[in-house]
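Written below as structure tokens is the structure these notes are about.
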Amino acid sequence: MAMEELSDTITFLGTAGARFVVAKQLLASGGAWLNLGGTEMLLDPGPGCLVQAIKRKLDPSKLAAIILSHKHLDHSGDINVMIEAMTEGGWKQRGMVFAPSDALSQEAVILTYLQGYPQSIDILAEGKSYSVGDVSFETPVRHRHLVETYGFNFKTPRHTFSWITDTKYFDELPSYYKGELLILNVVMLEPKASIDHLSLPEARQIIEVVKPRAAILTHFGMSIWKAKPWELAKQLSQDMGIPVIAARDGMRFDLARLEEL
């Protein structure tokens, strides 16, 4: 395949965040499928990931890697079935898995019998870099969340993008994420000191500091979903002069669009 034909795409297999939206399946909770120049990777396979992937004609046996930001069920609910699907029921030892250490130790979410199915399981840690083919990603800082959690800076030969996964806001957070595209898990409409998730005003603050070419909001809780995130994103775009998109279940974003923004 010629270089000019390669593309980097993100398919949102779900946009649900917080337990009630997930439990009621008001939104799907399947994570995200990354196709980065033909290297296919899965991020945070929550409940329903396998169903959402097959529904969208995405083949788990083509996955090169599964990445888990943290072990909470809305991110890890389908990780075992996706490992099994990636390895064709364990008959083909293939693919890589990346996960925080506590996803494999105390209250492990990856079943022991499956841990030999992938070619490797790599432990995520703060300030480390990893590679899958010609795609690299780093986990720049440990997030402030109830379990060990990381966000990601991805780099392909064509683009960079950052994904700020679940975390409580802290002042240094924006400085760690500098991708052309910034994706944020935004659970709440307003900040709540007792909940370790980002709110809409905090997401706005991060976007204003990072100044990406575009930002995508996802992982919606009930309060932000009821407020119609697509309308909130439109208002943010107008206020900041930076395109902000509210992800939808099944939305496919081609990073080539960044060159047009």
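The values are calculated or read from the model by the stated rules, or taken from the named source; none is laboratory data. This structure is a prediction, so every number in the text was calculated from the model and none was measured. Note: ideal-geometry Cβ built from the backbone for every residue, glycine included; neighbour counts use all protein chains shown.
Details
- Some residue of the range 153-173 being farther than 27 Å from Gln235 by Cα and surrounded by 20 or more Cβ atoms within 10 Å (Cβ to Cβ): yes
- Test for Asp239: is it part of a loop (DSSP other than H, G, I, E, B) and either touching a Cys at 6+ places or on another chain (Cβ under 8 Å) or at pLDDT 95 or above (or both): no
- Residues of the range 152-197 satisfying the condition of being basic (Lys, Arg), touching a strand residue (DSSP E or B) at 6+ places or on another chain (Cβ under 6 Å) and free of Cβ contacts under 8 Å to residues at least 60 places away in the same chain: Lys155
- Filtered residue count, the range 194-236, keeping only those that are assigned to a loop (DSSP other than H, G, I, E, B) and either among the aromatic types (Phe, Trp, Tyr) or more than 19 Å from Glu180 (Cβ to Cβ) (or both): 8
- Complete set of residues in the range 95-105 that are surrounded by fewer than 15 Cβ atoms within 10 Å (Cβ to Cβ) and either touching a residue at least 12 places away in the same chain (Cβ under 8 Å) or not in a loop (DSSP other than H, G, I, E, B) (or both): Ser101
- Considering the conditions (1) in contact with a strand residue (DSSP E or B) (Cβ under 7 Å, 6 or more places away or on another chain); (2) part of a loop (DSSP other than H, G, I, E, B); (3) surrounded by fewer than 19 Cβ atoms within 10 Å (Cβ to Cβ); (4) of a type outside the set (Gly, Ala, Ser), Glu148 is excluded by exactly one of them, (3).
- Checked against the criterion of being assigned to a loop (DSSP other than H, G, I, E, B) and over 17 Å from His70 (Cα atoms), the candidates Tyr113, Tyr117 yield just one match: Tyr117.
- The strands (runs of 3 or more DSSP E) found entirely in the range 16-77 that carry 3 or more residues being free of Cβ contacts under 8 Å to residues at least 60 places away in the same chain, touching a strand residue (DSSP E or B) at 6+ places or on another chain (Cβ under 9 Å) and surrounded by 23 or more Cβ atoms within 10 Å (Cβ to Cβ) are 29-36.
- Pairs are defined by a Cβ separation below 7 Å, a sequence spacing of at least 6 or placement on different chains, a first member in the range 119-136 that is over 15 Å from Met86 (Cβ atoms), and a second member that is outside any strand (DSSP E or B) and of a type in the set (A, V, I, L, M, F, W, C); the pairs so defined are Glu126/Val141.
- Scanning the range 3-15 for residues that are in a loop (DSSP other than H, G, I, E, B) and either surrounded by fewer than 16 Cβ atoms within 10 Å (Cβ to Cβ) or at pLDDT 95 or above (or both) gives Ser7, Thr15.
- Some residue of the range 165-180 being more than 18 Å from the chain's Cα centre (by Cα) and farther than 30 Å from Lys128 by Cβ: no
Per-residue answers, yes or no, for (1) touching a helix residue (DSSP H, G or I) at 6+ places or on another chain (Cβ under 6 Å); (2) surrounded by 18 or more Cβ atoms within 10 Å (Cβ to Cβ); (3) of a type in the set (Gly, Ala, Ser):
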residue: Met86; (1), (2), (3): yes, yes, no
residue: Glu107; (1), (2), (3): no, no, no
residue: Lys128; (1), (2), (3): no, no, no
residue: Phe137; (1), (2), (3): no, yes, no
